């Protein structure tokens, strides 16, 4: 049980939005970075990596909302604005879900994925939402390291400690 001291899904969503907004702005200002080689998550460049990150946001939101899930190949390959729209769609779905009854977050969600062992397939909806937000944060940290290593420091302050999403 929670004692109320934990981080809420609303706060994680706000942190996710803050990071996504940063990278959208940074990549708009530095479009050459989109072509930077990147081998994370099967991507060949940063644009494909961003596509993966925001497509996953949307796919998990759609799953939790019981909506049809966009196929991986159906997500646009670009431009950046089209990719960012995937994130915006996910945010709107999550906002709607978060406005619903709190008890629904503890309901089980069954991961219908063959690669997940059967004993790990039943998780809470809350866990899926938290996973989604932390998945994108992990990828933004990877991107910050990648662009810095390539000689393009981003000044990304993605640590939760520096986020305005949480006091």
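Annotations
- Computed over the chain, relative contact order equals 28 percent, with contacts defined as Cα pairs under 8 Å that lie 6+ residues apart.
- The angle between the Cα long axis of helix 46-65 and the main principal axis of the chain comes to about 10°, on a 0 to 90 degree scale.
- Under the simplified labelling scheme, the residue 152-residue 73 pair shows an inter-label distance of 2.9 nm, with each label point 7 Å from Cα along Cα→Cβ.
- Acute angle (nearest 10 degrees) that the helix 125-149 long axis makes with the longest principal axis of the chain, alpha-carbon atoms: 10 degrees
- Exposure proxy ranking, count of Cβ atoms within 10 Å, fewest first, for 46, 69: 69, 46
- Descending semi-axes in whole angstrom, ellipsoid equivalent of segment 1-47, from the Cα gyration tensor: 32, 15, 5
- Cα pair count fraction exceeding 27 Å, expressed as % - the chain: 27 percent
- Counted by neighbouring Cβ atoms within 10 Å, the residues 44, 19, 163 run from fewest to most as 44, 163, 19.
- Shape category assigned to segment 90-143 from the gyration tensor of Cα positions, a/c cut at 1.5: oblate
- Computed over the chain, the per-residue total of -39500 (n - 2.57) for DSSP H runs of n ≥ 4 gives a 222 nm mean residue ellipticity of -17500 deg cm²/dmol, rounded to 500.
- Bins of 5 Å from zero: percent of alpha-carbon pairs in segment 1-92: 3, 13, 21, 23, 17, 12, 6, 3, 2, 0
- As a proxy for reagent exposure, ranking 40, 7 by other Cβ atoms within 10 Å from fewest up yields 7, 40.
- Debye intensity ratio I(q)/I(0), log10, segment 40-128, q values 0.25 Å⁻¹ (C-alpha model): -1.22
- Against the main long axis of the alpha-carbon atoms of the chain, helix 80-98 sits at an angle near 20°.
Only the coordinates and a few stated rules stand behind these numbers; no lab work does. Model, not experiment: these values are computed from the prediction. Note that each Cβ is placed from the backbone with ideal geometry, even for glycine, and that neighbours are counted across all protein chains shown.
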